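Here's the structure, in structure tokens; my notes come after.
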Amino acid sequence: MSEEDKLIQERKEAVVKFFKKRPEIWIYIALVLLVIFSIWLRTLNTPALRDITTGEYTLGPDLDPFLFLRWAEYIVDNGHIMHIDTLRYVPLGFDTESEMMFLSYLIAWFHNGLNDLGWTSSVVESAVYFPAMMFGLTVIAFFLLARRIGKDSLGEIKAGIMALIASLFLTVIPSLLPRTIAGIPEKESVGFFFMFLAFYFYLEGWKSKNLRGNIIWGVLAGISTAAMALVWGGFVYILVTLSLVLLITLILGQIDKNKVFLSVIWIVVAYVIMSMFSLRYTFGNLLSSTTSLLPLGVICVCIINLVLFKTSFKRYFESEKLKKIPEPIITLVLVLVVGILFALIFLGPGFIFDKIGDFTKPLINPITNRFGVTVAENRQPFFSEWASEFGPVIPFTSGAPLYFWLFVIGAIYLYYNMLSMFNKREKTVMTVGFAFFLFAMIFSRFSASSVFNGTSFISLAFYVIGAIIFVGSFGYYYYQNYYKDKEKFSSIDISLIFLFALFFFSIVSARGSVRTIMVLVPAVSIIVPYMAVNFISKIIEEAKNE
């Protein structure tokens, strides 16, 4: 063998050795290819976006992007957006500080960058390619989030594989495609990017072992939340999801001062930035909205719980009767009673009924005003309509969508595995309760011609009974085990709690309006590959042990 051949052979061996030592490199290479594929897929339509009369690019058939484009063109020409938009609400005009302008600024900055490189000839052309390029970044953010969710239970390599498959599903599932395709510079192409970053940063902050990490990740999560709020009103999904996560972890006894500090940093940074850049988010508006007030309320409950049971106040709750009740439940009941009394005295009973309605209406009939329901994308769909978004259809069935049944089975499977610290009977009962609730949420609004039409007494009863069975089955074993073995609850993975919280609100969204069906895509994109990787890993491990 010549010296040159030996050198080539040594280099080959060095490369092979490097990839064996760092197998995650293959995952990153695959991620880069997936990002390229996602952008390519979303730009296949660009030849059809040229005006046949001028040969220049034009936007797709969607109304809102033309407003964002007009604002972006003004920003490119003037360096900032106009204060009063005289072409909107003629003749008075519209105060742009009352709107979410960040999307138009991003389009303008994107154009300026491409223009400096000589890659574009007009703002319209930049706006055409903007959503596809942003979705490429969204895939990266989603990969990081999915990997974070699976990292502790699957291991880094398996979590990376799961995240890759999840990112592929996010890329190809039809429901999200029309809102992120070239020529439609809509809010969602940017909004989902910041939403995934906010979730990722918050979960990283939760996993951090020191206060410095809590501060850094909390600030990043707050900035991402604010950025999404300045683009899309869908930022409420961040608020309600993380509020539910906080409430569940409080009940499970996982809250400590660092977790509370992380949450305070997140919400304060988010609200301060939001109020600085849009009149839509004044502190008065944020404090009067049930949705934006929700995380503040849950954080306050967590703080009260720490004060009552982690300080000298604990001695007031050491009676034999109170010792039988879990500490978080005492806190919740106490806060609820005091809150109701305060509201009755200072705000009146109408305030309480209004807030109850704010919580319950989105779960049944989110959009009730006559103007809202006349917009096609705001119409509340039936299961028979939105399930088809998660095909393909299973052969030899009456139109059963394959991916829908995969994510339903996957959710039930993961819920059972999340409760691995309980005995078989406990896991089975709680999983049956969850499965019943899942079916009640989905099928209680099956079709307009069905008895389960979402508004009939039987339909609503099915929905409510499902919730009662789910909460009751978990609550029973929660009460039985809380003081006997608290570790059972503290060991439940926060990432899986987050995944199920997101999944819950996603199902509610899918029932709520045609437009928000797409919010279900991220959760189900993770659930199916998570189930597959987890299931296959267990089979391989059992085969090795035999």
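Quick one: with all protein chains in place, what share of the accessible area of the chain is carbon or sulfur, to the nearest percent (1.4 Å probe)? Exposed carbon and sulfur together represent 68 percent of the surface. Note that the stretch 71-218 shows a convex hull volume over its alpha carbon atoms of 157 Å³ per residue. Any idea what log10 I(q)/I(0) is at q = 0.15, 0.19, 0.20 Å⁻¹ for the stretch 142-259, Debye with uniform C-alpha scatterers and no solvent? Treating every Cα as an identical point scatterer, log10 I(q)/I(0) equals -0.77, -1.15, -1.23.
Rolling a 1.4 Å probe over the protein heavy atoms leaves V451 with an accessible area of roughly 70 Å².
Computed with a 1.4 Å probe over protein heavy atoms only, the accessible area of F143 comes to about 0 Å². Spatially, the stretch 69-132 and the stretch 454-473 are offset by 47 Å when compared through their Cα centroids.
Protection proxy ranking, highest mean first, for peptides 414-427, 336-349: 414-427, 336-349, where packing is the per-residue count of other beta-carbon atoms within 10 Å, averaged. Other residues lying with their Cβ under 14 Å from the Cβ of V264 contribute a combined charge of +1, Lys and Arg counting +1, Asp and Glu -1. In a simple Cβ point-charge model (Lys, Arg +1; Asp, Glu -1; nothing else charged), the chain has a dipole of about 1980 debye relative to its Cα centre. When the listed pairs K151/K187; K314/K484; K209/K488; K209/K486; K207/K310 are checked against a 28 Å cut-off, the alpha-carbon distance exceeds it for K151/K187.
Per residue, the convex hull spanned by the Cα atoms of the chain amounts to 242 cubic angstrom. Its DSSP H runs of at least 4 residues, each contributing -39,500 (n - 2.57), put the calculated 222 nm mean residue ellipticity of the chain at -23000 deg cm²/dmol, to the nearest 500.
Here the stretch 401-527 was treated as a single set of alpha-carbon atoms; its pair distances binned every 10 Å from 0 give 12, 40, 33, 13, 2 percent.
Quick note on the stretch 498-546: its Rg to Rh ratio, both from C-alpha atoms and Rh being the Kirkwood radius, is 1.25.
Computed with a 1.4 Å probe over protein heavy atoms only, the accessible surface of the stretch 455-546 comes to 44 Å² per residue. Here the mean projected area of the convex hull built on the C-alpha positions of the stretch 133-205 is 4.7 nm². Peptides 49-58, 95-104, 517-526 ordered by packing proxy, namely the average of other Cβ atoms within 10 Å per residue, highest first: 517-526, 95-104, 49-58. The alpha carbon gyration tensor of the stretch 231-340 gives principal lengths a ≥ b ≥ c with a/c of 1.5 or higher and a/b greater than b/c, which makes the shape prolate. Computed with a 1.4 Å probe on the full set of protein chains, the accessible area for Y74 sits at about 80 Å². Among rounded, prolate and oblate, which fits the stretch 448-520 when a ≥ b ≥ c are the square roots of the eigenvalues of its C-alpha gyration tensor, a/c under 1.5 means rounded, and a/b larger than b/c means prolate? Cα axes put the stretch 448-520 in the oblate bin. What the Kirkwood sum gives for the stretch 19-73 is a hydrodynamic radius of 14.5 Å, with every pair of different alpha carbons counted.
The values are calculated or read from the model by the stated rules, or taken from the named source; none is laboratory data. Keep in mind it's a predicted model, so treat the numbers as computed, not measured. When we count neighbours, we look across all protein chains shown, and the Cβ atoms used for this are built from the backbone with ideal geometry, even at glycine. In case anyone asks, the SASA skips ligands and DNA or RNA and just uses the protein heavy atoms, side chains included. Shrake-Rupley method; radii C 1.70, N 1.55, O 1.52, S 1.80 Å.
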